[in-house]
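Asks: Sharing a structure, written as structure tokens. Questions coming.
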Amino acid sequence: MLLGIHTYSLHLHGFGPTDICDTTAPARAMDIFELIDDAAKIGVDGLHITPTECGSTDAENLRKIGNVAKEKSLFL
């Protein structure tokens, strides 16, 4: 069995979008690459991410995100 974190569960802690109607939401805490590093450090097997965390969903950026996750042996 593999254990992963869904980044949606971290949105209220600054890892995702801030709702323009929610003035209590914190500023973004880190980017996707820092989040990948932290996931590897705490020992989870992967991340379930939403497009919001990616910064950009263009093919080049998504490949970079995938490659960094693969280097850290994490599934996405």
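The values are calculated or read from the model by the stated rules, or taken from the named source; none is laboratory data. All figures in this text were calculated on a predicted structure; none of them were measured in a lab. No Cβ is skipped: glycine too gets one built from the backbone with ideal geometry, and neighbour counts run over all protein chains shown.
Asks: It is to be established whether one or more residues within segment 22-30 are out of contact with any Lys or Arg (no Cβ under 9 Å at 6 or more places or on another chain), at pLDDT 85 or above and of a type in the set (A, V, I, L, M, F, W, C). Explain how you work it out, then say what you get.
Replies: Here is the first cut: in segment 22-30, the ones out of contact with any Lys or Arg (no Cβ under 9 Å at 6 or more places or on another chain) are 22-30.
Within this subset, residues satisfying the condition of being at pLDDT 85 or above are none.
Within segment 22-30, none of the residues are out of contact with any Lys or Arg (no Cβ under 9 Å at 6 or more places or on another chain), at pLDDT 85 or above and of a type in the set (A, V, I, L, M, F, W, C).
Asks: From the residues in segment 31-61 that are among the polar types (S, T, N, Q) and at pLDDT below 85, which one is farthest from residue 5 (Cα to Cα)? Outline the logic, then answer.
Replies: Taking segment 31-61 first, the residues among the polar types (S, T, N, Q) are 50, 52, 56-57, 61.
Filter again for at pLDDT below 85, leaving 50, 52.
Details: 50: 12, 52: 15 Å.
Across segment 31-61, the extreme among qualifying residues is 52.
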